[in-house]
Amino acid sequence: MMEKESRRLVNCATLPICLVLISLVYATFFHSNDTILESWGNLSSEKINIDAVDPQEFLLRRLVRGDDRVQLDSNGFSCRADVHTQVCVANKPVRIYNKGLTVYVPSDSDQPQVKRIVKPYARLEDETAMKRVSPVQILHGRNTIDPPACNFTHNVTAVVFSSKGFTGNVFHEFNEIIIPLFITTRHFRSRVRFVITDFELWWVQKYNRCLSHLSAYEVINPGTDDESVHCFPGAVIGLTYHDNLALNSTDIPGGYSMFDFKQFLKESYNLKINHVSEIQKPMLMLISRRKTRRFLNEDKMVEMIMELGFQITRVEPEWMYNLDEFAEVVNSCSVMLGAHGAGLTNEIFLPTGAVMVQVVPLQNEWVATTYYGGPAKEMGVRYLEYKIEPEESSLFDTYGKDHPVFTDPKSIISKGYNAFRSVYLDQDLKINLERFKKTLIEAKQIVESSTPIN
């Protein structure tokens with residue numbers, strides 16, 4: 001009886017405490033939820049009446065932080081740059097003159113007009129890529145002459161970016177445009193309109209599903225002969241970039257992660273398979289290259305893959321151009337196999353729990369891990385790599401084992417990228433089947449034992 005009474009006393013004593021704790025948790029949760037959007041810029045002490053703020057202004061404000069946010073608040077315009085990209089944000093009415101690729105940003109003050117030149121492509125560090133990107137001129141401040149009159153008036157934010165750079169290579173298309181575009185615009189919930197400079201129709205068609213899921217409006221092509229002026233209530237010029245095939249969720253409005261990006265792709269391309277365990281018999285996709293880093297004994301590899309119990313689909317680069325169809329094919333595979341190269345970017349469409357096997361040519365270890373191995377984990381994909389031995393490289397027959405290509409690779413690499421490329425990226429591969437079999441068996445065991453995590 002005493003024991004029951006004691007328990008009852010404890011329960012009665014802890015109930016008020018529990019209520020207090022619940023209240024504190026509730027208050028803390030809602031306080032942080034209110035400030036999460038605002039404290040993202042390290043301005044957590046700032047309080048904003050969201051109801052009194054223009055929704056567009058609020059969304060644009062979330063793209064900047066620190067001093068840039070202070071500047072945006074004070075004069076409606078701010079720019080930032082890092083080693084990879086330049087991004088300018090205007091939260092006041094702008095005019096975009098298509099022919100001159102000029103953006104007019106007014107100022108409420110009497111500050112003299114300032115001209116900025118931005119190349120809206122996320123690979124500033126690469127001169128070769130940036131030579132292909134047209135500059136956008138931004139004129140901010142008091143105009144000495146009136147800007148051109150509006151021909152078209154829009155009620156959503158403009159987002160200006162280039163479809164040039166290294167497009168034509170699927171890695172760069174995702175790395176420098178599609179993922180940065182998601183990072184920059186997803187929180188707008190399609191209430192943006194894209195102004196695509198260096199307009200490439202084939203690229204817009206290829207990625208139409210991504211573009212149409214990020215914007216509810218047709219893209220604008222500011223052609224060289226188009227003298228029209230488009231007016232917007234605000235604008236973003238340039239795209240935010242984080243890292244190779246990566247999203248830093250702590251640095252994105254809305255906190256989106258690679259998981260969210262993959263979910264976005266799943267919705268955009270209507271992908272059906274969530275987890276590799278939904279595939280009845282292991283399906284392996286072999287990416288077949290035709291110019292460099294070819295598998296010289298590819299037919300023998302295919303025989304061995306089938307003997308190990310895989311179904312196999314062999315794909316060549318031209319298959320990847322129709323992304324609407326190809327994304328579905330990748331999503332139906334348990335394993336993706338290929339030599340280091342842009343085609344491995346398609347690991348992004350693999351279902352969770354799938355395996356990506358990268359065959360790493362000589363002296364390609366860093367690029368292999370940095371571009372594809374590292375990002376795979378965040379995609380929910382298991383990563384295996386097979387590093388070839390010197391005897392498995394065509395360089396062995398071309399140069400011999402005593403050549404500096406093998407004995408002193410730094411002497412080759414130190415000559416610059418072109419020297420590295422002409423030797424180490426242009427090699428072909430003759431795989432040691434017995435040695436490689438162990439990697440394939442491991443891949444099969446992984447997908448067969450993989451179970452979804454609820």
Top-ranked residue of the range 437-446 - restricted to ones that are in contact (Cβ under 8 Å) with a residue 60 or more places away in the chain and out of contact with any strand residue (DSSP E or B) (no Cβ under 6 Å at 6 or more places or on another chain), ranked as surrounded by the most Cβ atoms within 10 Å (Cβ to Cβ): Leu440
Top-ranked residue in the range 196-219 [being in contact with a helix residue (DSSP H, G or I) (Cβ under 7 Å, 6 or more places away or on another chain) and in a loop (DSSP other than H, G, I, E, B); ranked as surrounded by the fewest Cβ atoms within 10 Å (Cβ to Cβ)]: Val219
Among (1) touching a residue at least 40 places away in the same chain (Cβ under 8 Å); (2) surrounded by fewer than 18 Cβ atoms within 10 Å (Cβ to Cβ); (3) not in a loop (DSSP other than H, G, I, E, B), the one test that Lys115 misses: (1)
Any hit, the range 406-427, residues being part of a strand (DSSP E or B) and not basic (Lys, Arg): no
Answer residue from the range 369-395, given it is in a loop (DSSP other than H, G, I, E, B) and over 17 Å from the mean Cα position of the chain (by Cα) and is surrounded by the most Cβ atoms within 10 Å (Cβ to Cβ) among those: Ile388
Odd one out for Ala342 among (1) in contact with a Pro (Cβ under 9 Å, 6 or more places away or on another chain); (2) surrounded by 21 or more Cβ atoms within 10 Å (Cβ to Cβ); (3) within 21 Å of Val447 (Cα to Cα): (3)
Qualifying positions in the range 401-418 - surrounded by fewer than 16 Cβ atoms within 10 Å (Cβ to Cβ) and touching a helix residue (DSSP H, G or I) at 6+ places or on another chain (Cβ under 6 Å): Pro404, Ser411, Ile413
Within the range 220-277, tally of residues that are outside any strand (DSSP E or B) and either under 22 Å from Val133 (Cβ atoms) or not hydrophobic (A, V, I, L, M, F, W, C) (or both): 37
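Given the criteria in a helix (DSSP H, G or I) and either at pLDDT below 95 or surrounded by fewer than 15 Cβ atoms within 10 Å (Cβ to Cβ) (or both), does Thr398 qualify? Reasoning before the result, please.
Numbers: in a helix (DSSP H, G or I): yes; either at pLDDT below 95 or surrounded by fewer than 15 Cβ atoms within 10 Å (Cβ to Cβ) (or both): yes.
Yes; evaluated as a whole, the condition is true for this residue.
The values are calculated or read from the model by the stated rules, or taken from the named source; none is laboratory data. Source: prediction; values computed, not measured. Ideal geometry is used to build each Cβ from the backbone, glycine not excepted, and the neighbour counts take in all protein chains shown.
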